[in-house]
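Here's the structure we're looking at; comments come further down.
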Amino acid sequence: MAVQTVATTNGSAGSTGSVDLGPASGLSCRECGERFDLGPIFACEVCFGPLEVAYDVPSGDPEALRERIESGPENIWRYAPLLPVPADVADKPNLNPGWTKLVQADNLARELGVEAGKLFVKDDSGNPTHSFKDRVVAQALEAARAFGYTTLSCSSTGNLAGAVGAAAARAGLRSCVFIPHDLEQGKVVMAAVYGGELVGIEGNYDDVNRFCSELIGDPAGEGWGFVNVNLRPYYAEGSKTLAYEICEQLGWRLPDQIVIPIASGSQLTKIDKGLQELIKLGLVEDKPYKIFGAQAEGCSPVSVAFKAGHDVVKPQKPDTIAKSLAIGNPADGPYVLDICRRTGGAVEDVTDEQIVDAIKLLARTEGIFTETAGGTTLGVAKKLIEAGAIDPSLTTVVVNTGDGLKTLDAVAPTTGMTAVIRPNLDSFREAGLA
Ligand SMILES: *Cc1c(COP(=O)(O)O)cnc(C)c1O
Ligand SMILES: [Zn+2]
């Protein structure tokens, strides 16, 4: 792997000298293509477009790269040659997320009318803080270290706050994270238990995000790395590892269809980027694939735009039980529309009731307890299979991004004990359970 060092010329973290983020060679604007040095910046100085990490693509034999990856650790760092992290990243204190299970979901396939052996659940509830957010935070942590930040922060719909708190604890950094004040108890406890500061904001996620943007520009936020704001280009790259893992776990094959939840839309766009990289590197055979995006009806700005044929996404005020997806003004919305249209996929939404049904369906068929975000994704997959938009004879991967233990309230009203009996056999028989 070519390790390149690039001097930082910007940022308020006070770091000087060179930045080693492995194969990352700079930042480039997703709108106008302008290049910038690696640094804690996220918007283009020319056109204000969002920035993304640019690479020195590893050259050479795909077989050698594949072998190198396969002999790496069983976590996201097996893909370090493709990520903005230093080569020795696996030796540093971090949570080593990733390499979660790809579950062949034959029982679920039978219920949904999908051909046996063709339906898979990528179960990211198996990460250290039980959501896919550990992947993105692990990248942001490396950028924070490279830029000399001592406080990790974020605006969060819940899962990110816990992932940042845990990663900072492990790395020995301070954390101070911001969430809407009315989140599920499971997410609040999970975010608080790692000992960092947790601040509830009276408002929704979009208010929290706006507040964080203000804090970044203020002396009070000096030395703070906001993983999803000023470190966003690096953070976002973490989602590529989902694409890499899915393909490697399918035997270095692209799936035909993949269903992904949308909050800001970052994850969906970076899974597509990851698939494209694997094709360019010759690690998988180049063939078409379709990407489908999932939203809750109560926060469906991208789905509405998709169905209306619009290129711009009109913000909504979220009202749904899928709180981890409740971003009414999704930053990557237009890019999601592009990708779903370009690949021949779609964006669809489901009601809160369908979300709960899908949570129970997955639990009942495969023994996987997902949170409301996963219920949204599976609910949309089911709807698209029934509508004929997802082909039941092709390989489909549904991404489960979080753990049902964090959103117990969603299913508590419709689940419970079958019976309460006295501790004797007569009572057991009376209850009709024998
Ligand atoms: C954050 C999150 C997502 C998606 O996030 P994006 O902002 O679209 O990248 C999906 N599922 C869960 C559970 C999440 O916490
Ligand atoms: Zn630009």
Name the one entry in 403, 409 that is touching a residue at least 60 places away in the same chain (Cβ under 8 Å) and loosely packed, with under 15 Cβ neighbours inside 10 Å. 409
Considering only the range 17-33, I want to know if a residue exists there that is under 20 Å from residue 140 (Cβ atoms), surrounded by 13 or more Cβ atoms within 10 Å (Cβ to Cβ), modelled with pLDDT of 70 or more and within 16 Å of ligand 1 (Cβ to nearest atom). yes
Quick check: anything in the range 231-241 of a type in the set (Asp, Glu), buried (at least 22 other Cβ atoms within 10 Å of the Cβ) and away from ligand 2 (no atom under 16 Å from the Cβ)? yes
Do you know which residues across the range 40-84 are aliphatic (A, V, I, L, M) and either within 22 Å of the chain's Cα centre (by Cα) or within 16 Å of ligand 2 (Cβ to nearest atom) (or both)? 41, 43, 46, 51, 53, 54, 69, 76, 80, 82, 83
Please count how many residues of the range 365-381 are at negative phi and surrounded by fewer than 24 Cβ atoms within 10 Å (Cβ to Cβ). 4
Odd one out for residue 114 among (1) open to solvent by 10 Å² or more (accessible area, probe 1.4 Å); (2) within 21 Å of the chain's Cα centre (by Cα); (3) of a type in the set (Val, Ile, Thr): (2)
Do we have residue 95 as part of a loop (DSSP other than H, G, I, E, B) and touching a residue at least 12 places away in the same chain (Cβ under 8 Å) here? yes
Within the range 300-311, work out how many residues are outside any loop (DSSP other than H, G, I, E, B) and farther than 21 Å from residue 258 by Cα. 1
Given the residues 323, 317, which is the only one that is touching a residue at least 24 places away in the same chain (Cβ under 8 Å), surrounded by fewer than 19 Cβ atoms within 10 Å (Cβ to Cβ) and of a type in the set (D, E, K, R)? 317
Which condition does residue 276 not pass, out of (1) in a loop (DSSP other than H, G, I, E, B); (2) under 19 Å from the mean Cα position of the chain (by Cα); (3) surrounded by fewer than 16 Cβ atoms within 10 Å (Cβ to Cβ), if it passes all the others? (1)
In the range 124-138, anything within 12 Å of the chain's Cα centre (by Cα), farther than 9 Å from residue 403 by Cα and not in a helix (DSSP H, G or I) is listed as 127, 132
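Here's the yes/no breakdown for (1) part of a loop (DSSP other than H, G, I, E, B); (2) outside the structural domain of residue 225 (by TED's automatic domain parsing); (3) modelled with pLDDT of 95 or more:
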residue: 107; (1), (2), (3): no, yes, yes
residue: 110; (1), (2), (3): no, yes, yes
residue: 114; (1), (2), (3): yes, yes, yes
residue: 120; (1), (2), (3): no, yes, yes
residue: 140; (1), (2), (3): no, no, yes
residue: 154; (1), (2), (3): no, no, yes
residue: 162; (1), (2), (3): no, no, yes
residue: 167; (1), (2), (3): no, no, yes
residue: 176; (1), (2), (3): no, no, yes
Checking the structure you have, find out if any residue of the range 260-270 is outside the structural domain of residue 177 (by TED's automatic domain parsing) and without any contact (Cβ under 8 Å) to a residue 60 or more places away in the chain. yes
How many of the residues in the range 312-327 are closer than 15 Å to residue 347 by Cβ and either within 13 Å of ligand 1 (Cβ to nearest atom) or not in a loop (DSSP other than H, G, I, E, B) (or both)? 4
Looking at (1) assigned by TED's automatic domain parsing to the domain that holds residue 245; (2) open to solvent by 60 Å² or more (accessible area, probe 1.4 Å); (3) modelled with pLDDT of 95 or more, which is the only condition residue 426 fails? (1)
Determine which member of the set 384, 362, 337 is of a type in the set (A, V, I, L, M), free of Cβ contacts under 8 Å to residues at least 40 places away in the same chain and open to solvent by less than 60 Å² (accessible area, probe 1.4 Å). 337
Taking only the range 169-197 into account, find how many residues are closer than 22 Å to residue 145 by Cβ and either surrounded by fewer than 21 Cβ atoms within 10 Å (Cβ to Cβ) or out of contact with any helix residue (DSSP H, G or I) (no Cβ under 8 Å at 6 or more places or on another chain) (or both). 10
In this structure, is residue 208 open to solvent by less than 10 Å² (accessible area, probe 1.4 Å), assigned to a helix (DSSP H, G or I) and more than 24 Å from residue 29 (Cα to Cα)? yes
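The values are calculated or read from the model by the stated rules, or taken from the named source; none is laboratory data. Note that this is a predicted model, so its numbers are computed, not measured. Please note: Cβ atoms are built from the backbone with ideal geometry, for glycine as well, and neighbour counts cover all protein chains shown. Just the protein is used for accessible areas: all its heavy atoms, side chains included, with ligands, DNA and RNA removed. Shrake-Rupley method; radii C 1.70, N 1.55, O 1.52, S 1.80 Å.
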